[in-house]
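See below for the structure under consideration.
The values are calculated or read from the model by the stated rules, or taken from the named source; none is laboratory data. Since this is a predicted model, take the numbers as computed values, not measurements. Positions of Cβ are generated from backbone atoms using ideal geometry, with glycine treated the same way; all protein chains shown enter the neighbour counts.
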Amino acid sequence: MNGAQHILEAFHRHNISTVFGYPGGCIMPLYDALVDDVGVEHVLCRHEQACALAADGYARASGKLGVCIATSGPGATNLITGVANAHRDSIPMLVVTGQVPSGLIGTDAFQETDVLGMTLGIVKHSYLVEDADSLPAIMEEAIKLAQSGRPGPVWIDIPKDLLLTEVADTPSTRSTPQETGCPDLSEALSMLRSARKPLLYSGGGISLAHAEDSFRAFAESCALPAVVTLKGIGNPGKHNPYNLGMLGMHGSRAANKAVDECDLLLVIGARLDDRATGKLDGFAPNARIIHIDADAAEINKLRSADLAIRGDLNAILSGLTEALQDEPLAISNWQKQCRTWHTTGGFHAADNEEPLAPITGPAFIRQLSRVAPDDTVIACDVGQHQMWVAQHYAFDHPRHHLTSGGLGTMGFGLPAAIGAQFADRNSTVINVTGDGSFMMNAQELATIRRYNLPVKLIVMDNQCLGMVRQQQELFYNNRESQINLDDNPDFVAMARAFDIPALHIERTDQIRRGIETILAYNGPMLLHVAISREENVWPIVKPGASNREMIDETRRPSKASKEQVA
């Protein structure tokens, strides 16, 4: 059995049945082995970046390991953005690339790149295989490492000659040590019981730890007012009455107000990133902080915790739930105050009922949330539409919301939706994208057509880079620079060129029928939604400002001031 065959054997051993890749010279031995292997489905994407992003979406939606494959040189370098995206959001991923033959490494051979050197900062670990006999053990270790502890991408770079070399060794069977038991929670419980205004703050670490059920049980039993990060959306469920929504730069006023007023912040599976906290010295100024996380590196990284608890989130959450069952928290006044803020400061703007009115982003997303099934998976791109989804779509589970958090990768949504659809061929998967993001990986329409994936595509088209335009309007004196996209192609015709049916809507009375039409269609379909170029995401916090300094539409510069600048 040669090196390439050992890779496939490792896939079988770990129940890896779907991989995303693009062939080329130095990875060709693995593709040759795939010809005779019926147990691994290889998905041919049309760009290596999309291979990595599809593997990312597959992992987010399923909770399993995502796998992507490419050749050396440009194949490997094209993967880098997708791998960096997975690294920033702690997504379990295995990356396998071919490398030039061992004897040519370091000679500037055709399609040679220093993959290890280029990717050191965007992987959990990486390997350059130097000995064919070590490959089985490396595969075993890499697959476990990508999924253990804090997940992340692990990259294996393999010279072409070693893929062809006969390998007799069997993989190491050593086990990875697992943390067991629950840390002492007595101090955390004492702090919770003594607090008058405690607030629950959760992030993407909940689903990374597969702790969704444990978190939901805790949130329901303690009845703490709760806020979520972008990656924590869906943690409390869509029907939790104490959920105040997303905090931060585009968070709700209710969420940011609660953080500003709370006297105890219980942070679980979140890293206190800058888009959530705003200016750090103005974040939760009255609160003591309990920070619970699986990764010690995140604790005290940005904001010192009064109590840090590191460990398995399932065990910790179960322990807290059990301890609080017999002695509920005495916070009724705080709960009432937070409900009042939520009623008056959430995202509850009335939809424009005028049938001929132009479509607004929030109104469209609210209608989508009402019409789509509860278990629909939404894969977003990056931009204004991403924030409207975060603000106005009611998610019942964090794995239903696929979004590029830490890296903010335009072009993420379409390949991520493809990955999610392969994770469950029977699920409803919708890519909500903007015209700018859609063009980043539009070639993947060919992948949808090839595999007849029933992915639904919603392109919210304002003919500009909306989020950049908004910041230029608000923070750069209306000086627009390189954001105009009014030469976009006809997206309906573009989809039809890939044999994907498409429709166009532009008025409020067309929203519901448009959404129902694409959802009812038995196959892929694109809905092109025309929205105003001038529409902004509200509220917004200026980068570097405190979250209490939220700006809403009443503080938007007037058109007159824009004309004066021009």
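Within 21 Å of Ala50 (Cα to Cα), modelled with pLDDT under 95 and either part of a helix (DSSP H, G or I) or not assigned by TED's automatic domain parsing to the domain that holds Asp312 (or both), is that true of Leu116? Outline the logic, then answer.
Numbers: within 21 Å of Ala50 (Cα to Cα): yes; modelled with pLDDT under 95: yes; either part of a helix (DSSP H, G or I) or not assigned by TED's automatic domain parsing to the domain that holds Asp312 (or both): yes.
In short, yes.
Does Thr447 satisfy the criteria of being in the same structural domain as Val492 (by TED's automatic domain parsing) and outside any strand (DSSP E or B)?
yes
Using beta carbons and a limit of 8 Å, which pairs, at least six apart or on different chains, have the first residue in the range 451-475 and free of Cβ contacts under 8 Å to residues at least 12 places away in the same chain and the second one part of a loop (DSSP other than H, G, I, E, B) and of a type in the set (Asp, Glu)?
Pairs that qualify, where the first residue is free of Cβ contacts under 8 Å to residues at least 12 places away in the same chain and the partner is part of a loop (DSSP other than H, G, I, E, B) and of a type in the set (Asp, Glu), are Gln472/Glu480.
Across the range 317-358, which residue is modelled with the lowest pLDDT among those that are outside the structural domain of Ala254 (by TED's automatic domain parsing) and among the charged types (D, E, K, R)?
This residue is Glu353.
Being surrounded by 24 or more Cβ atoms within 10 Å (Cβ to Cβ) and touching a residue at least 40 places away in the same chain (Cβ under 8 Å) is true for just one of Ser62, Ser72. Which residue is that?
Ser72 is the lone residue from the list that is surrounded by 24 or more Cβ atoms within 10 Å (Cβ to Cβ) and touching a residue at least 40 places away in the same chain (Cβ under 8 Å).
Looking at (1) in a helix (DSSP H, G or I); (2) among the hydroxyl-bearing types (Ser, Thr, Tyr); (3) over 23 Å from Glu9 (Cβ atoms), which is the only condition Ser90 fails?
Going through the list (1) in a helix (DSSP H, G or I); (2) among the hydroxyl-bearing types (Ser, Thr, Tyr); (3) over 23 Å from Glu9 (Cβ atoms), Ser90 breaks only (1).
Return only the number of the condition from (1) surrounded by 24 or more Cβ atoms within 10 Å (Cβ to Cβ); (2) farther than 24 Å from Leu162 by Cα; (3) within 17 Å of the chain's Cα centre (by Cα); (4) not small (Gly, Ala, Ser) that Cys45 does not satisfy.
The single condition Cys45 does not satisfy is (3).
Quick one: in the range 495-513, of everything that is touching a Phe, Trp or Tyr at 6+ places or on another chain (Cβ under 9 Å) and not β-branched (Val, Ile, Thr), which residue is surrounded by the most Cβ atoms within 10 Å (Cβ to Cβ)?
My answer is Ala502.
Please enumerate the residues belonging to the range 253-265 that are crowded, with 24+ Cβ neighbours inside 10 Å and assigned to a loop (DSSP other than H, G, I, E, B).
Cys262
From Glu480, Glu473, which residue is charged (D, E, K, R), surrounded by fewer than 17 Cβ atoms within 10 Å (Cβ to Cβ) and within 20 Å of His385 (Cβ to Cβ)?
Glu480
Name the residues in the range 102-124 that are in contact with a Pro (Cβ under 9 Å, 6 or more places away or on another chain) and either over 13 Å from Cys26 (Cβ atoms) or not aliphatic (A, V, I, L, M) (or both), would you?
Ser102, Gly103, Gln111, Thr113, Thr119, Ile122, Val123, Lys124
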